[in-house]
Every structure is written in C-alpha cells, then in structure tokens.
Amino acid sequence: MRNVILDCDPGHDDAVSIIIAASKKSDLNILGITTVAGNVSVDKNTINALKVAELLKLQVPVVEGSSRPLVKQSEIAPEIHGDTGMDGPELPEPTKVVEEGHAVDFIIEQVKKSKEKVTLVPTGPLTNVALALIKAPEIKENIDEIVLMGGGTFGNWTPAAEFNIYVDAEAARVVFESGIPLTMFGLDVTHQVIATPDIVERVGKIDNDIAQFVKELLIFFGQAYKDHFGFNGGPIHDACTTMYLMKPELFEFQHLNVSIETKGEFSYGMTVVDKLNTTGLKANTNFAWNVDQEAFWQVFEDVLESFGEE
Ligand code: BDR
Ligand code: CA
C-alpha cells in the first residue's frame with residue numbers, strides 16, 4: 001500500500017480524485033488531505049474537502065493550508081467551480097472538523113515520521129508543497145514521487161499557462177527544481193478524459209450515493225466547460241493523478257525536462273516542455289502525453305461501482 005497525501009483545492013475534479021483514492025480498488029493509504037487556495041479561497045476548499053471526506057466516511061485528517069500564493073495575489077476560478085468551489089451537488093454541512101495546525105507542517109511531519117516513502121499528490125496550486133520543501137528540505141529523501149495535475153504544452157488560464165501553475169508559478173518552480181521524481185498530468189492528457197454526456201449517463205446508472213454525487217459533480221462541471229470553453233463535458237483533470245497511482249499502464253509517458261516560466265510577459269506560469277531535448281537539460285519530469293480512454297472510463301466505472309459492494 002502506498003502512502004499518499006492529497007494536497008488539493010476541491011474543486012469538482014479534485015473531489016473525483018479523492019473518491020478514486022478512497023475506493024478499495026486504489027490500494028492507497030491516505031495519510032491526510034491538505035487544502036490550498038486555488039479554485040476558491042482556502043476556507044471554502046477546506047469545507048468541500050470535509051464534505052467529501054464525510055460522504056466517503058473517510059477517517060483521515062483534513063488540514064488547511066496556504067491562503068495565498070508565495071509571491072503574487074490569489075486568483076480564483078468561480079466561473080468553473082461556482083461560488084462554493086463545488087457547486088452542483090447538495091451535501092449537508094460537514095460534521096467532521098478540520099485538524100489543528102497548518103498543512104505545510106502536516107506534510108513535513110507525516111513525511112518525516114513515515115516508515116515507507118510518501119507520495120505527494122497535488123491537484124491545486126503548488127504553494128503548500130513548495131513551502132514544505134523550503135522549510136524542511138530534508139523531507140525530499142522520504143518522498144518517492146510527486147504526482148501532480150498542472151501545466152501542459154498549452155494553457156487554459158492564459159494562452160500559455162494552465163490554472164494550477166499560473167496561480168503560483170514561483171511555487172511550481174521550487175517543486176520542478178526540487179530533484180524529486182515528478183509525474184505530471186497536464187492539459188495534453190487531461191483533455192483526453194472529458195466526461196461527455198454518455199459518460200455522465202454511465203455514471204448515473206450506478207446505484208450508490210458516491211456515484212450519484214459524482215454524476216451531479218460532472219453535470220455542473222460539464223455545463224461550466226460548455227459555457228466557458230465550448231467543450232462537450234468537463235475534463236476530470238485531477239482524477240488522472242489517482243487513476244495513475246491505481247493503474248499506471250493507462251497512460252503513456254515521456255521522461256523530459258520541464259521548466260517553469262516566472263518572468264514572461266505573455267508566458268508567466270508556462271510549463272516549458274522540452275520534448276526534443278533542445279536545452280540538453282536533465283529530464284526532471286515523467287510527462288503524460290496520452291491515456292487509453294476506453295480503459296480509463298471502464299476503470300472509473302469499476303471504482304464507482306465498488307462503493308456499492310460490501
Ligand atoms: C485545474 O484547475 C482547477 O480548476 C482544476 O481543479 C484542476 O486542478 C485544471 O486546470
Ligand atoms: Ca484542482
């Protein structure tokens with residue numbers, strides 16, 4: 001069983017990613033869920049994380065983290081996720097409460113005390129992870145991999161930059177220059193897993209609370225992507241991370257160098273993907289180019305069905 005910390009800003013697709021990790025199909029040991037400012041403010045993201053954990057009856061700490069990026073002001077995306085950050089499905093206010101302390105310290109403590117190496121799974125801006133690496137660089141030794149959603153060879157927040165990287169490019173730079181093995185799910189691959197109406201219909205036919213919650217998430221998210229980008233459904237970006245941890249063979253990778261642009265006038269927050277190794281720089285990232293879509297959705301269905309089994 002692999003030890004993971006889910007560092008997120010739920011977020012429709014973050015919620016789906018948590019659900020996959022929590023399923024008995026995943027074989028992941030979730031040490032905790034940490035939250036960060038991203039899709040909406042960190043306090044709203046934390047409430048959403050608590051709601052999802054409660055729905056899943058997941059007994060893991062939920063710890064709130066950074067309320068703003070390292071250097072610049074926060075930017076949020078209510079046009080994609082709604083005012084609450086997880087608009088659409090109705091969930092009661094959580095009874096589960098947030099842990100004392102800060103996500104950055106939680107990450108440091110958990111990594112330090114874990115006997116087995118820990119995998120960090122960031123699906124929001126990289127602020128908490130960067131701060132943990134700055135505050136306690138020695139934890140690198142006990143992190144086997146950072147599996148993240150962010151970036152790509154094109155953008156969705158600017159022409160050059162994807163939202164998670166754009167929001168805190170300085171933090172992303174710390175992470176990409178850390179020397180820790182990185183596995184990156186950028187827009188090139190996440191736009192191959194769009195929950196089109198036929199996928200939503202398949203999910204809707206699964207008769208348990210979790211699948212029905214996911215259906216509602218996908219309906220709201222799909223409409224937002226239709227209104228905003230003209231897509232035929234919402235790409236469940238963040239879910240690629242936990243699907244990979246469960247079934248890495250679904251994806252095709254290239255080991256290459258990725259640098260983070262933090263100065264460009266038009267390209268701030270760009271992940272500069274050196275596909276042809278023009279720089280000669282050492283590869284630092286396992287970059288996901290493609291996914292087997294049919295197999296992905298089949299596994300996704302199996303995961304959701306597993307919540308209805310004893
Ligand atoms: C990323 O931004 C957020 O809106 C999603 O949750 C995902 O992590 C996609 O660009
Ligand atoms: Ca996210």
Those residues that are surrounded by fewer than 16 Cβ atoms within 10 Å (Cβ to Cβ) and either touching a helix residue (DSSP H, G or I) at 6+ places or on another chain (Cβ under 6 Å) or over 25 Å from ILE30 (Cα atoms) (or both), I need them from the range 58-72; list them, please. SER67, VAL71, LYS72
Those residues of the range 68-94 which are within 17 Å of the chain's Cα centre (by Cα) and under 17 Å from LEU50 (Cβ atoms) amount to HIS81, GLY85, MET86
Tell me the residue from PRO61, PRO69 that is touching a residue at least 40 places away in the same chain (Cβ under 8 Å), under 24 Å from LYS140 (Cα atoms) and within 15 Å of ligand 2 (Cβ to nearest atom), please. PRO69
Filtered residues of the range 118-150 (kept if polar (S, T, N, Q), within 15 Å of ligand 1 (Cβ to nearest atom) and out of contact with any Cys (no Cβ under 6 Å at 6 or more places or on another chain)): THR127, ASN128
Could you tell me how many of the residues in the range 8-29 are surrounded by 22 or more Cβ atoms within 10 Å (Cβ to Cβ) and farther than 21 Å from PHE296 by Cα? 3
Suppose we filter ASP83, ASP105 for residues that are open to solvent by 80 Å² or more (accessible area, probe 1.4 Å) and out of contact with any Pro (no Cβ under 7 Å at 6 or more places or on another chain); which single one remains? ASP83
Taking ILE165 as the residue in question, decide whether it is within 14 Å of ligand 2 (Cβ to nearest atom), aliphatic (A, V, I, L, M) and touching a Pro at 6+ places or on another chain (Cβ under 9 Å). yes
Look through the range 126-165, keep the residues that are part of a helix (DSSP H, G or I) and charged (D, E, K, R), and return whichever of them is farthest from VAL111 (Cα to Cα). LYS135
How about the range 247-271: which of its residues are open to solvent by 30 Å² or more (accessible area, probe 1.4 Å), closer than 18 Å to VAL121 by Cβ and part of a helix (DSSP H, G or I)? PRO248
Please go through the range 1-18 and give me each residue that is more than 14 Å from ligand 1 (Cβ to nearest atom) and of a type outside the set (D, E, K, R), ordered by number. MET1, ASN3, VAL4, ILE5
Residue selected from the range 154-188 under the condition among the β-branched types (Val, Ile, Thr) and open to solvent by 30 Å² or more (accessible area, probe 1.4 Å), by the criterion nearest to ASN290 (Cα to Cα): THR158
Kindly establish whether ASP7 is under 21 Å from THR127 (Cα atoms), within 16 Å of ligand 2 (Cβ to nearest atom), of a type in the set (Asp, Glu) and at pLDDT 95 or above. yes
Check on ASN232, in a loop (DSSP other than H, G, I, E, B), open to solvent by 20 Å² or more (accessible area, probe 1.4 Å), free of Cβ contacts under 8 Å to residues at least 24 places away in the same chain and of a type outside the set (Ser, Thr, Tyr): no
The correct count of residues that are open to solvent by less than 70 Å² (accessible area, probe 1.4 Å) and in contact with a strand residue (DSSP E or B) (Cβ under 9 Å, 6 or more places away or on another chain) in the range 108-121 is 7
Among the residues of the range 46-54, are any β-branched (Val, Ile, Thr) and either over 23 Å from GLU301 (Cα atoms) or more than 14 Å from ligand 1 (Cβ to nearest atom) (or both)? yes
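The values are calculated or read from the model by the stated rules, or taken from the named source; none is laboratory data. Because the structure is a prediction, the values reported are computed rather than measured. Ideal geometry is used to build each Cβ from the backbone, glycine not excepted, and the neighbour counts take in all protein chains shown. Surface areas here come from the heavy atoms of the whole protein model, side chains and all, with no ligands, DNA or RNA. Shrake-Rupley method; radii C 1.70, N 1.55, O 1.52, S 1.80 Å.
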